[in-house]
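As structure tokens, the structure follows; a few thoughts come after it.
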Ligand SMILES: Cc1cc2nc3c(=O)[nH]c(=O)nc-3n(C[C@H](O)[C@H](O)[C@H](O)COP(=O)(O)OP(=O)(O)OC[C@H]3O[C@@H](n4cnc5c(N)ncnc54)[C@H](O)[C@@H]3O)c2cc1C
Ligand code: SF4
């Protein structure tokens, strides 16, 4: 055990800086940007925690990870036990340690944040999860004796994977149906390699398969089998975690020109279909020289940084509000700026222009100013008359949000949806209007976060277990 320093001295220890690739190098490659803390750094960072009695950080975490508990295990140098402690409530620490917005959750309320910098909780989470995986310390959990109950999980994003992991441990037979040819949801098709290496998501899926979860990839529920047909095939309960993968568009003239992608298509081609790896794959993707990405969220940052790495000379973010309102994680905005992405704030495209081949060649934009707050609480952007100008572009990526995937809702009679087409589910049990059918993640909330999807999966698994054991007679 590392000797603890007196509490008053802990505040003097500076927050550890995560080593990372230099911007001038990384803007040309797809390798992960931050390298992770060294063991020495992790021990120093863990020693900063004040072990607060009222644990505000735990309350700030959407799944209430025992943060001081796992940090204390780091100080005991028992990193595998620290990873297991996190996994009591969060099954995906290696993923969440990389992509969770800790700066808005556990770290923003850390007591140290008031006068100093908060404990780097996310860095520590990533450290223990990586240590456990790289040192092959992951142990298969005890699996309860078979219950004879069968569960179908539709969609293999963080929500579906969490349900699968929790229910297999309880002795149920679990099959995951995934429309794409690889499981992982947005974690594999959306978030790029330089932020979340695919081998990490694959390791999570392999671990579930080792526990006994069956994966049926390239299987679109609602087209090949419906929810009712799954019940007819003998599944006793069904979880729907189909996410929000339906891209929204601007609805402005010229949007159908060649060279205008949805972020979904652009990132899927680059990540899942591996256009980023041209030595081994010949996936077609348009390589723009002047690339404009429309939007200000994580998807926009991922797209613009991908465009740079695919060879863009100029990569622009075009966003209609100001940087303060951008929904992307601060770290992603910062990384994009360091890499040379050019930010055109308070700007909205109003029209795309094409050449005689139907390819986009420029975009007409208008400058905006911020008016009164709208329903989202953010100040509404208002166009400034006469401020139009033209941007030369040969590739545009539209990253202005996604709607729910509609197929399962359309093919499942009696499944209640709201006005955005999301499935309505009880917030505590995730039960839908159909008996035995549960739903969670983005398909219920609309586009949200990995940890909220995983948290919904935990709740659903608890309720599904109760249902399977109490209401399904075998
Ligand atoms: C580019 C991008 C970057 C992001 N970055 C972050 C980030 O940094 N931090 C963060 O916390 N969140 C981030 N998010 C949001 C986060 O990834 C999502 O909130 C989360 O993945 C939702 O999980 P889910 O399990 O609900 O669905 P998804 O991850 O969307 O998974 C749903 C799965 O269901 C499958 N599916 C859909 N329909 C069917 C069907 N009919 N039959 C079978 N399978 C089906 C889909 O193919 C998909 O694999 C990002 C999102 C995007 C798009
Ligand atoms: S609030 Fe910060 S200092 Fe206090 S227990 Fe949590 S991580 Fe440690």
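The values are calculated or read from the model by the stated rules, or taken from the named source; none is laboratory data. Just so it is clear, the model here is predicted, and its values are computed rather than measured. No Cβ is skipped: glycine too gets one built from the backbone with ideal geometry, and neighbour counts run over all protein chains shown.
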- Residue in segment 370-401 that is farthest from residue 292 (Cα to Cα), counting only those that are under 27 Å from the mean Cα position of the chain (by Cα) and at pLDDT 95 or above: 400
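I'd like the residue in segment 265-288 that is in contact with a strand residue (DSSP E or B) (Cβ under 7 Å, 6 or more places away or on another chain) and part of a loop (DSSP other than H, G, I, E, B) and, out of all such residues, is surrounded by the most Cβ atoms within 10 Å (Cβ to Cβ).
Here the residue is 288.
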- Here are some residues: 421, 436, 401, 414. Which one is surrounded by fewer than 24 Cβ atoms within 10 Å (Cβ to Cβ) and under 30 Å from residue 365 (Cβ atoms)? 401
- Note on the structure: Over segment 322-336, the set of residues touching a strand residue (DSSP E or B) at 6+ places or on another chain (Cβ under 8 Å) and either under 12 Å from residue 395 (Cα atoms) or at pLDDT 95 or above (or both) is 336
- Could you list, in sequence order, all residues of segment 214-258 that are without any contact (Cβ under 8 Å) to a residue 24 or more places away in the chain and part of a loop (DSSP other than H, G, I, E, B)? 224, 233, 251, 256
- Task: Go through segment 98-121 and count every residue that is surrounded by 20 or more Cβ atoms within 10 Å (Cβ to Cβ), away from ligand 1 (no atom under 11 Å from the Cβ) and within 25 Å of residue 184 (Cβ to Cβ).
- Result: 2
- Keeping to segment 44-60, report how many residues are farther than 30 Å from residue 339 by Cβ and surrounded by 17 or more Cβ atoms within 10 Å (Cβ to Cβ). 6
- Note on the structure: Residues of segment 453-466 being more than 7 Å from ligand 1 (Cβ to nearest atom), touching a residue at least 40 places away in the same chain (Cβ under 8 Å) and crowded, with 19+ Cβ neighbours inside 10 Å, in sequence order, are 454, 455, 456, 457, 458, 460, 461, 464, 465
- Query: Can you name the residue in segment 439-450 that is surrounded by fewer than 24 Cβ atoms within 10 Å (Cβ to Cβ) and near ligand 1 (Cβ under 7 Å from one of its atoms) and is also nearest to residue 414 (Cα to Cα) among such residues?
  - Reply: 447
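Results for (1) assigned to a loop (DSSP other than H, G, I, E, B); (2) within 16 Å of ligand 1 (Cβ to nearest atom), shown as yes or no for each residue.
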{"position": "15", "(1), (2)": "yes, no"}
{"position": "18", "(1), (2)": "yes, yes"}
{"position": "24", "(1), (2)": "no, no"}
{"position": "53", "(1), (2)": "yes, no"}
{"position": "64", "(1), (2)": "yes, no"}
{"position": "83", "(1), (2)": "no, no"}
- residue 156 meets each of (1) within 16 Å of the chain's Cα centre (by Cα); (2) in a helix (DSSP H, G or I); (3) modelled with pLDDT of 95 or more with one exception, condition (2)
